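Asks: Before anything else, here's the structure in question.
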Amino acid sequence: MSTLGLELCDAGVQVAAAEKDGPQLLSPGTNGGAMDWPGYAYHDGQKFQFGRPAEDAWFVHPRSVAHSFLSKLTHEPSSLTIVGKPPSYSELAFLFLRDFRQRLATSAGSIDKLVLAVPGSYLKDAATEDEKIGLVLGMAGELKLPLAGIIDMACAALCDPRAGGFNPNLPVIVLDVQLQGAEFTLFSTGARLERQKFLQLSQSGYAQLLKHLTGTMGNRFLRHTAFDILADGRIEQMFYRQTKDFMLGGAAEGRFQVNTSSRTYEMLVKHEQLVADASAFVGTLVQGLQAFASAPGHGPEPCTLALTDRAVCLPGLEARLRAAGFNRLLRLPRGAAASGAACIGQRRLTVPSDLSDVPVEISVPADDACRATGAPWDARLQKSRHTDPRPMPTHAVIDGIGHLMGGNGTFTIGSASACADLALPEPFNAAGDCVVQLVREGGRLWFVDPAPPQAASTAAESTLRTVVEAGDHLAIRCGTHAADVLFVHCEGSAAPRA
């Protein structure tokens with residue numbers, strides 16, 4: 001095995017190998033059937049366990065489980081309760097990586113080159129970088145890892161060739177949700193993909209969300225079955241696992257089940273209830289992102305918002321983001337940072353003889369990044385010949401099929417890869433950034449020019465939008481392919497509220 005990329009995320013450590021046909025995710029040996037390795041450590045009184053086995057002891061033995069050592073990574077003593085002096089966070093991280101490396105050896109064999117993708121919080125300022133990167137280099141030396149580079153995790157994720165690619169003419173924001181918090185990272189595009197701004201929201205991670213969801217689902221289960229999951233830590237742990245699987249699975253309906261010696265308790269739950277339970281958590285993320293993406297004195301800047309697979313799994317997040325005006329969404333594949341790091345390592349990094357010479361990167365050449373190279377496209381709104389006032393459309397019709405334009409805020413039309421509300425035919429996937437935005441405001445529906453002029457004057461801004469009425473057509477072209485969307489008003493349909 002030549003080059004590996006390791007994604008050092010406490011919500012799921014991923015490893016990828018750079019192969020001729022593209023990066024491939026690897027499984028670190030037998031891991032309880034799970035592909036990811038969450039950053040949990042459990043001491044059973046005699047020895048440590050890590051990853052999924054440690055996570056499965058969280059609610060049973062909460063004081064014997066630690067899950068913040070990768071995010072904190074300091075010499076400070078951990079909160080782990082054991083006989084004698086508690087190990088430091090850095091000691092736990094070292095033991096975690098040593099165990100991970102031993103299991104990985106069974107599937108990856110020898111490693112010629114390794115590139116680490118680390119959380120953006122490791123590189124937020126010079127003092128933090130000196131401390132955390134110094135500890136990472138020390139652990140790499142102790143474990144004799146052939147370290148070729150360390151790269152910002154969000155930056156590496158945008159270099160995964162499996163991703164759809166981002167528009168090179170717009171800045172990119174990466175939204176990642178880890179175990180202990182969320183990270184927003186803004187990148188400029190051009191000759192280099194370069195990190196410009198970073199923000200970490202503490203207490204906005206999977207650990208906090210899953211604990212909250214387990215509690216709300218447990219209360220619902222109590223009302224439904226009169227059975228209290230808090231009666232036994234093992235039952236609460238099992239219920240936590242069912243909650244996590246339901247959230248990550250994305251199913252429309254989930255079944256919660258508890259078996260006792262006397263009977264079985266069951267409860268069916270809709271995905272909408274999960275969305276409602278996570279609403280406050282998701283709202284905090286969206287509000288933080290809006291503030292992060294806004295220029296001083298202005299609203300959110302036009303940008304591509306790249307979501308890691310961990311962020312995509314959050315119930316209701318994408319709908320809230322679109323409602324907030326973020327319509328250029330890019331879903332990054334699972335293990336994107338690991339895959340991007342592996343490809344960068346294979347392409348241009350070498351293992352230095354001295355660990356102090358290992359490069360630490362928060363920017364990469366444009367050629368490393370996965371930029372969209374799709375076919376050019378354009379969209380033009382063709383107004384109806386009728387000059388009399390017409391109602392706001394309720395449906396968008398394409399290929400003879402009407403699509404309800406319900407809800408508030410915005411409605412997007414574009415390629416399926418762009419996660420639009422109305423997906424265009426498959427050939428339009430060649431233009432990954434093909435997104436036409438319709439905005440409801442002031443009781444009307446507006447077509448927003450997808451390629452607005454750069455001038456910031458009031459006169460220029462007035463040309464960015466055109467009102468859309470029933471009978472208008474939207475003509476969209478991508479290369480030799482064309483699509484026509486007709487806007488209609490159906491009597492009896494509830495008109496969308498502006």
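The values are calculated or read from the model by the stated rules, or taken from the named source; none is laboratory data. Given the structure is predicted, the values throughout are model-derived calculations rather than measurements. Here the Cβ positions follow ideal geometry from the backbone for every residue, glycine too, while neighbour counts run over all protein chains shown. Calculation scope for accessible area: heavy atoms of the full protein, side chains included, ligands and nucleic acids excluded. Shrake-Rupley method; radii C 1.70, N 1.55, O 1.52, S 1.80 Å.
Asks: Run through the DSSP bridge list for segment 98-202 and note the antiparallel percent, rounded to the nearest 5.
Replies: Counting only bridges with both partners in segment 98-202, antiparallel ones make up about 75 percent.
Asks: Follow-up. What is the dipole size for the chain, taken about its Cα centre, with +1 at each Lys and Arg Cβ and -1 at each Asp and Glu Cβ, in debye to the nearest 20?
Replies: Values: 44 positive and 51 negative charges, 116 e Å.
For this selection, approximately 560 debye.
Asks: Hey, any idea what Rg/Rh is for segment 1-105, computing Rh the Kirkwood way over Cα pairs?
Replies: Details: Rg = 14.5 Å, Rh = 14.3 Å.
Rg divided by Rh gives 1.01.
Asks: If I compute solvent accessible area with a 1.4 Å probe over the protein chains, what percent of it on segment 143-254 is carbon and sulfur? Working shown, then result.
Replies: Details: 2210 of 4270 Å².
C and S atoms contribute 52 percent here.
Asks: Treating only the Cβ atoms of Lys and Arg (+1) and Asp and Glu (-1) as charged, compute the dipole magnitude of segment 247-377 about its Cα centre; round to the nearest 20 debye.
Replies: 380
Asks: What spacing in nm lies between the two simple spin-label points modelled at Thr260 and Thr106, each 7 Å away from Cα in the Cβ direction?
Replies: 3.8
Asks: From the alpha carbon gyration tensor of segment 203-326, can you work out the equivalent ellipsoid semi-axes (sqrt of 5 times each eigenvalue) and give them in Å, largest to smallest? It would help to have the intermediate numbers written out before the result.
Replies: Values: eigenvalues 240, 32, 25 Å².
Taking √(5λ) for each eigenvalue gives 35, 13, 11 Å, largest first.
Asks: When the accessible area of segment 1-112 is computed with all protein chains present and a 1.4 Å probe, what percentage of it is carbon and sulfur? Could you put the intermediate results ahead of the total?
Replies: Values: 2420 of 4860 Å².
Carbon plus sulfur share of accessible area: 50 percent.
Asks: Just to confirm the number: angle between the C-alpha axis of helix 89-108 and the first principal axis of the chain, 0 to 90 degrees, nearest 10?
Replies: Long axis of 89-108 versus the principal axis of the chain: about 80 degrees.
Asks: Pop a pseudo-label 7 angstrom from the Cα along the beta-carbon direction at both Ala475 and Thr284 and give the gap in nm to one decimal.
Replies: It works out to 5.0 nm between the two label points.
Asks: I would also like to ask the following. Sorted from largest down, give the three principal axis spans of the alpha carbons of segment 332-371, whole angstrom values.
Replies: 34, 21, 17
Asks: Go through segment 271-287 residue by residue and turn each phi into a ³J(HN,Hα) via Karplus (6.51, -1.76, 1.60, θ = phi - 60°); whole Hz please, and just put x for glycine and proline.
Replies: 4, 4, 5, 5, 4, 5, 5, 8, 4, 5, 4, 5, x, 4, 4, 5, 4
Asks: For segment 318-376, with all protein chains present and a 1.4 Å probe, just round the carbon and sulfur fraction of the accessible area to a whole percent.
Replies: Working: 1240 of 2610 Å².
Roughly 48 percent, rounded to a whole number.
Asks: Work out the charge dipole of segment 25-113 with +1 on the Cβ of Lys and Arg and -1 on the Cβ of Asp and Glu about the Cα centre, then indicate which of Ala54, Ser27, Ala93 is farthest towards its positive end.
Replies: Ala93
Asks: Binning at 5 Å from 0, report for segment 137-197 what percent of all alpha-carbon pair distances ends up in each bin.
Replies: Values per bin, smallest distances first: 4, 14, 21, 20, 14, 14, 8, 3, 0.
Asks: Summing Lys, Arg as +1 and Asp, Glu as -1, what charge do residues with Cβ under 13 Å from the Cβ of Met153 carry, Met153 excluded?
Replies: Working: positive: Lys124, Lys132, Arg195, Arg310; negative: Glu7, Asp10, Asp152, Asp160, Asp176, Glu183, Asp309, Glu361.
Neighbour charge sum, excluding Met153 itself: -4.
Asks: Nearest 5 is fine: what % of DSSP beta bridges in the chain come out antiparallel, could you say?
Replies: Values: 74 of 96 bridges.
Just about 75 percent of them are antiparallel.
Asks: So, for the chain, what is the accessible surface per residue at a probe of 1.4 Å, expressed in square angstrom? Provide the component values of the computation, followed by the final result.
Replies: Working: 22020 Å² over 498 residues.
Result: 44 Å² per residue.
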